[in-house]
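Here the structure comes first, spelled out in structure tokens, and everything after it is commentary.
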Amino acid sequence: MLSSNDKKLEKLDPFYRPSMSKQKTSAEIISEARNALRAIRTQRPFTPQEDQRKLFGPTSSRTSENRPPSSFSLHASSFELSDSRPISGTRLSPLELKPKVPASPAIEEDPCLLFPRPPVDPAKIRRISCARARLFRAASQGALLPDRPLPPTESKKTAESKELVTMGDSVVKRNGIYLTESNAMGHLKSHPLQLTYDGGFREIKEQEVFKEFTSLPSHLRSGGDQGKRRARASSCPSSLNPSGLETKAVLKADLQEKDTEIEADEVFWNTRIIPILHELEKEENIEAVCAACTQLHCTLEEGSMLGTKCKRRGTLLKTLYQLVDVASDSLSLKLAKLILALKVSRKNLLNVCKLIFKISRSEKNDSLIQNENILESLLEVLRSEDLSTNTEAFLYCMGTIKFISGNPRFLSEMISKGAVEILMNLIKKMNENTTKCGPCLPNSGHLLVQITATLRNLVDSSLARSKFLSVSALPQLCTVMEQYMGDKDICTNIARIFSKLTSYRDCCAALANYSRCYALFLNLLNKYEEKQDLVIRIVFILGNLTAKHNQAREHFSKEKGSIQTLLSLFQTFYCLDLHSQRRGCARAKQPTAQRPPSEAEDVLIKLTRVLANVAIHPRVGPALAANRQVVSLLLTTLEYKSLDDCEELVINATATINNLSFYQVKNSIIQDKKLYIAELLLKLLVSNNMDGILEAVHVFGNLSQDHDICDFIVQNNVHKFMIALLDSKHQDICFSACGVLLNLTVDKDKRVILKEGGGIKKLVDCLRDFGPTDWQLACLVCKTLWNFSENITNASSCFGDEDTNTLLALLPSFLDEELALDGSSDQDLKNYHKLHWETEFKPVAQQLLNRIQSHHTYMEPLPIHSF
């Protein structure tokens, strides 16, 4: 006698997919996602390594006429010796009057030092400043500096340049050359000066000297005793003035300290540096010269003479430049490192970067570059030099860094030395400059090609990927693509960077959250529609974004013309692939694993993946299912391609159809074409490709909710194939096959098919083998057995004695929570299993057990086992 609860169970509908209007639990959503909508993965596009090291590889869109050369000659004469002197940024305005000063017959003047005297304002003659008073004071004591050379003890109290200036008369003596007043003023304007007074020193700026000297009355500038006395009387401070004494004491102390430093530098230079320079000039043996260069570098560093501080920097650089012509890569690297340490600029900086670039073009020199630690010097150039004045130098510097970044041995060193931060800082500066005034820097596009190519190599390291995220590199790279959209090389490099980064969840999430990227990628696809190498990477990036983030699916689909752009690309590359086959360019038949897809096929693979992933979104999926062009292109792919022709393309097209077939909408083209689709799927079922079989079974799982498809399955014996698949050790295949059988058992007339081929036994075996590890599959088995046993009168006659006894043993043990959920030590996994066990398996299994027990009058005692 059935209980009231059992009678209610008898009236329940069969277990099949619930209606869309019913509120779904989280477990049901997860279950449906597994059964129907799934994201597709694919391989990242392959980038072949360039055979030769060049600024721009063979695939570059730049022609040889509009790009900097990778090969050039470089000699000692290419360097400029003027770099040893500081470059003045002051330009004097030309004078309108150019009077010639008559040369004195008694004095021989250097014509190179004759400068016109500017006109004197009469008002200046009447003004007497404090500085002028000090000059009077000095004049009252005689000449400012003696006419004759000072003795060695006094020469230390002169300026650093040891220059002597006398102003006793209207003639000035400087460095042993006599100048008129006007010549002296011109000379003083270009050479700083120190004057001696009261035993101390005071530095006189060029403007102050000019003002004071030209404002003196003629009788004072003549140097007479009367003028000196008047100057002394009017301006000389009292000898008892304490502040004057204090000033002289400080000046004397500063002088003594400076004299000590100068003397120490002289001794260091003469005793330590000069002998090494003599060794370098011999050039007898390359190894000896290399050793001398190393010694010179260390000695200069020891004496704090690197950079621009060394007074004899010009002598050093001249000696080093002369050695550039020696044909030795090891010596050239040592020279380059030392020249960079001396902080050369402009043309010399460019030449030394070119020198290193030439050496780095040969991979065999990578060990030399690593041993000399040239990388640190190059990164210092990028970090400290001015980009706007050294763009071409930066170009060849980056070219070298790009070459060595392709060697895995350098990756860790580059990242640890801050290469990612330095390069992204460069990009940020260039972005800001372009935003303000456009790409006005010369060679900026060429430089960005080198920077982005280097970053492309660096992202292979997990350390670099974390740094990319920390410095917000992805939005900056998107900005570069926006600003240089017309430069295919830059866009391709950045697309390669993104294709690598988006293969990782955290980087993919960072780019997916940058909403401007979707419009950017669509614009690039429309602009470079027939450029396979760029198109395939952008489509791959979109596939990664839409595979993992529902927000990305929504953002992309909302962009104007997004789906139409994908379909246009699909049509373009489908025609290219079809055309190549018709011309007889199809490849010879060979095992699929040994034959990579063609370029056109590879694009189609990535495109179908994007369509499949976007279709997961509940708003986009139904619209795609109703899009005749979308469905037509997918069916055409299955028509003209087989698994042997291009396995991945056929599987992706089938997976896309599966996702679209999930949506039961009235205007669905999939539903209109369901029987034709079922016929196309038959060739996949009979193949030896397990992935192809699985995708076909997935589609049948969705389509078999339709009565016509169920008839098709039975008429074509597809159900026998599904029963056979239950023997598979692949859980997903068993899950999908069981789903098709579940839909078939909804029809009472088709339930008998489960007895063909031992279907009941195979279902029970699936429950026993996979139940404890896959409660979703166990639930699906119980639902199928529930539908099958709807009109049960006797359990043994329905299932058979052996299967009935097995079910009576399995179900109680699986319904025991302690036994069922005791198999995992991972708490997260245990929670996942518990969710599906409680919400899906337990309700159905309990009902099935009750039905079997109520219709099984005699049952032998059976032990309960833990599975």
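What follows draws every value from the coordinates through simple rules; no lab data is involved. The structure presented is a predicted model; accordingly, all values stated were derived computationally and were not measured. Neighbour counts run over all protein chains shown; Cβ positions are idealised from the backbone, glycine included.
So how much slack lies between Lys347 and Arg595, counting 0.36 nm per residue of separation and subtracting their Cα-Cα distance, in nm?
Once the chain is fully extended between Lys347 and Arg595, it gains 84.1 nm.
If you filter the stretch 452-543 for GluC sites (Glu not before Pro), then keep DSSP loop positions with at most 11 other Cβ within 10 Å, what is left?
Qualifying residues, ordered by number: Glu530.
What pairs in Lys488/Lys683; Lys548/Lys761; Lys311/Lys334; Lys548/Lys762 have C-alpha atoms more than 32 Å from each other? All intermediate terms of the calculation are to be shown ahead of the outcome.
Working: Lys488/Lys683 42 Å; Lys548/Lys761 39 Å; Lys311/Lys334 22 Å; Lys548/Lys762 35 Å.
Checking Cα-Cα distances, Lys488/Lys683; Lys548/Lys761; Lys548/Lys762 exceed 32 Å.
If you take the beta carbon distance between Asp672 and Glu639 as r and set R0 to 22 Å, what does 1/(1 + (r/R0)^6) give as a FRET efficiency, to the nearest 0.05?
Values: r = 17 Å, r/R0 = 0.75.
Here the calculated transfer efficiency is 0.85.
Sort 406-417, 795-806 by packing, meaning the average of other beta carbons within 10 Å per residue, with the highest value first.
Packing order, densest peptide first, comes out as 795-806, 406-417.
How long is the gain from Leu387 to Asn513 if the chain were fully straight, where each residue apart is worth 0.36 nm and the alpha carbon distance is subtracted?
On the way: separation 126, 0.36 × 126 = 45.36 nm, distance 3.17 nm.
The span from Leu387 to Asn513 would gain 42.2 nm if fully extended.
Which pairs break 24 Å Cα to Cα here: Lys500/Lys531; Lys337/Lys428; Lys337/Lys500?
Working: Lys500/Lys531 19 Å; Lys337/Lys428 28 Å; Lys337/Lys500 34 Å.
As for pairs spanning more than 24 Å Cα to Cα, those are Lys337/Lys428; Lys337/Lys500.
What FRET efficiency comes out for the pair Ser797/Leu829, r = Cβ-Cβ distance, R0 = 51 Å, nearest 0.05?
After rounding, the FRET efficiency stands at 0.80.
Under a point-charge model restricted to the Cβ atoms of Lys and Arg (+1) and Asp and Glu (-1), what is the dipole moment magnitude of the stretch 297-428 relative to its Cα centre, in debye to the nearest 20?
Around 420 debye, computed over the stretch 297-428.
Output ³J(HN,Hα) for the stretch 793-806: one whole-Hz value per residue in order, computed from phi by the Karplus curve 6.51 cos²θ - 1.76 cosθ + 1.60 with θ = phi - 60°, and x for Gly and Pro.
10, 9, 4, 5, 6, 7, 9, x, 4, 5, 5, 5, 4, 5
Eigenvalues of the Cα gyration tensor times 5, then square-rooted: what semi-axes does that give for the stretch 390-504, in whole angstrom, largest first? Intermediate results must be reported in sequence, preceding the final value.
Numbers: eigenvalues 90, 51, 32 Å².
Semi-axis lengths for the stretch 390-504 are 21, 16, 13 Å.
Tell me, His579, His617, His446 in order of fewest to most beta-carbon neighbours within 10 Å?
Listed from fewest to most nearby Cβ atoms, that is His579, His617, His446.
³J(HN,Hα) across the stretch 809-822 via Karplus (A = 6.51, B = -1.76, C = 1.60, θ = phi - 60°), whole Hz, x for Gly/Pro?
Ordered by residue, 3J(HN,Hα) equals 8, 6, 4, x, 5, 6, 8, 7, 4, 5, 6, 6, 10, 9 Hz.
Cα atoms only: what Rg and Dmax, in Å, come out for the stretch 759-867?
13.6, 43
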